[in-house]
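Remarks on the structure that follows.
The values are calculated or read from the model by the stated rules, or taken from the named source; none is laboratory data. Since this is a predicted model, take the numbers as computed values, not measurements. No Cβ is skipped: glycine too gets one built from the backbone with ideal geometry, and neighbour counts run over all protein chains shown. Ligands, DNA and RNA are excluded from the accessible area calculation, which covers all protein heavy atoms including side chains. Shrake-Rupley method; radii C 1.70, N 1.55, O 1.52, S 1.80 Å.
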Amino acid sequence: MIRYLKRGRSADVKTGDDAKVRATVEGIIQHIETNGDDAVREYSRKFDNWEPADFRLSQADIEAARRQLSAREIEDITFAQAQIRKFAQIQRDSMQDVEVETHPGVVLGHKHIPVNAVGCYIPGGKYPMLASAHMSVLTAKVAGVKRVVATAPPYQGKPHPAIVTAMSMAGADEILVLGGVQAVVAMAVGTPSVPAVDMLVGPGNMYVAEAKRQLYGRVGIDLFAGPTETLVIADDSVDGELCAVDLLGQAEHGPTSPCILLTNSEQLARDTLAEIDRQLTILPTADMAAISWADCGEVIVCDTYEEMLQVADDLAFEHVQVMTRDPDYFLAHMTNYGALFLGPRTNVSYGDKVIGTNHTLPTNRAARYTGGLWVGKFLKTCTYQRVLTDEASVTIGEYGSRLCHMENFSGHGEQANIRVRRYGNRPDLPWYEPIEARG
């Protein structure tokens, strides 16, 4: 039996006025399309109180930012990027171009072609999310993207040195200090000072997410990202303190971040609830995490692993942390998740910051049909075909002619017919009629 010891707000409750967000973003897009850099500057001044002579950092600016970091900080960024680069390269190496003769004289193939220009948005207004620079910029460069533009808002009135350094070390070709909707719109539609990109990636607030939604089609995007989601699946092989830390560690992202404990131990559930109350008295980010837990936190108790699996797949959460005696059961059977963190020795923050997998993951149940950002997102798998012999062209043409005419596509059919005439030495074939099967 599945029962709830704590429920969050109804999923139907909206945290903001969606219509207002849509209208605001639509207006910003139109204004930037019409007025270019002047509109970008206007919004940057309005929303971030930021109006430098140039939003693009020079090499001297980048080097100055790096000098503000300690050797330890540089080493930490270097280590994180090495892990992420290593796994991204392994993923890229797994994606092979193919070419095969599928029928005598017929060669089919595909190539993985990198997107030419990508814009990476790195959030930095509330928390300086330098990890997002690793996840987006570095992964795009491993994929072979020629031009990567990275942008982040100013932090406390100036470029954040760690974000700038992470962007540079990850391989960004251009670095902007520009935030919000104005940043993603400038990169997508292009302005005199910011040439347009082909794809936008990276998380952001509800306005940035809405801008990506409205711009999708004009440019590609990675995901429609919503608030961070965390599901902890646990049994009595772990304790309430560990579960509480792992729930609150993600609840601090924002007041609308769902965090759920799913367990088959009612005692663990009650211990975790008590631990959360205690930890909220000492957690430095409790002002944010407490709201998230009160409004979006849940505790669900099941009787069996099978029930837990059913609930977990239905939730289809972004992060799923499994701390049970048999975590491999969930690895083998779960189908809907952004990323799994198996066993008590790992946790979501490892994936967020350093372990090597990408932290840009599907939310709002999108894990039912997509995975997260990875090197393959920056690659277009493009097919090609080649016919080597007259005989092959005639064979394919005869089948193609009849299939086209089943669909009443006479012009398509004639593309096949003309080749059968020429390469099969059959000049008597009528125009725009299907080729009869030969005995």
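Summary of computed values
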read-out: Options Asp235, Asp173, Asp239: the member that is farther than 20 Å from Ile32 by Cβ, in contact with a Phe, Trp or Tyr (Cβ under 9 Å, 6 or more places away or on another chain) and at pLDDT 95 or above; value: Asp235
read-out: Filter result (under 25 Å from the mean Cα position of the chain (by Cα), among the charged types (D, E, K, R) and surrounded by 13 or more Cβ atoms within 10 Å (Cβ to Cβ)) within the range 16-49; value: Arg22, Glu26
read-out: Some residue of the range 187-195 being among the polar types (S, T, N, Q) and closer than 28 Å to Ile77 by Cα; value: no
read-out: Selected residue (only one of Gln310, Gln250, Gln267, Gln321 is surrounded by fewer than 19 Cβ atoms within 10 Å (Cβ to Cβ) and closer than 22 Å to Leu340 by Cβ); value: Gln310
read-out: Gly204 at pLDDT below 95 and farther than 30 Å from Thr304 by Cα; value: yes
read-out: Matching residues, the range 118-148, being modelled with pLDDT of 95 or more, out of contact with any helix residue (DSSP H, G or I) (no Cβ under 6 Å at 6 or more places or on another chain) and surrounded by 20 or more Cβ atoms within 10 Å (Cβ to Cβ); value: Ser132, Met135, Ser136, Lys141
read-out: Of the criteria (1) of a type in the set (Val, Ile, Thr); (2) closer than 30 Å to Leu373 by Cα; (3) more than 30 Å from the chain's Cα centre (by Cα), which one Thr102 fails; value: (2)
read-out: Condition met for Thr272 (free of Cβ contacts under 8 Å to residues at least 12 places away in the same chain and either of a type in the set (Lys, Arg) or over 30 Å from Phe47 (Cα atoms) (or both)); value: no
read-out: Residues located in the range 195-224, provided they are touching a Ser or Thr at 6+ places or on another chain (Cβ under 9 Å) and open to solvent by less than 30 Å² (accessible area, probe 1.4 Å); value: Val201, Gly202, Glu210, Asp222, Leu223
read-out: All positions within the range 388-439 that are acidic (Asp, Glu), surrounded by 12 or more Cβ atoms within 10 Å (Cβ to Cβ) and out of contact with any Lys or Arg (no Cβ under 8 Å at 6 or more places or on another chain); value: Asp390, Glu391, Glu414, Glu433
read-out: The range 337-375, subset assigned to a loop (DSSP other than H, G, I, E, B) and closer than 20 Å to Ala244 by Cβ, residue nearest to the chain's Cα centre (by Cα); value: Asn347
read-out: Residue within the range 275-284 that is within 26 Å of Met167 (Cβ to Cβ), outside any helix (DSSP H, G or I) and either among the β-branched types (Val, Ile, Thr) or in contact with a Cys (Cβ under 7 Å, 6 or more places away or on another chain) (or both) present; value: no
read-out: Verdict on Met187 being open to solvent by less than 20 Å² (accessible area, probe 1.4 Å) and hydrophobic (A, V, I, L, M, F, W, C); value: yes
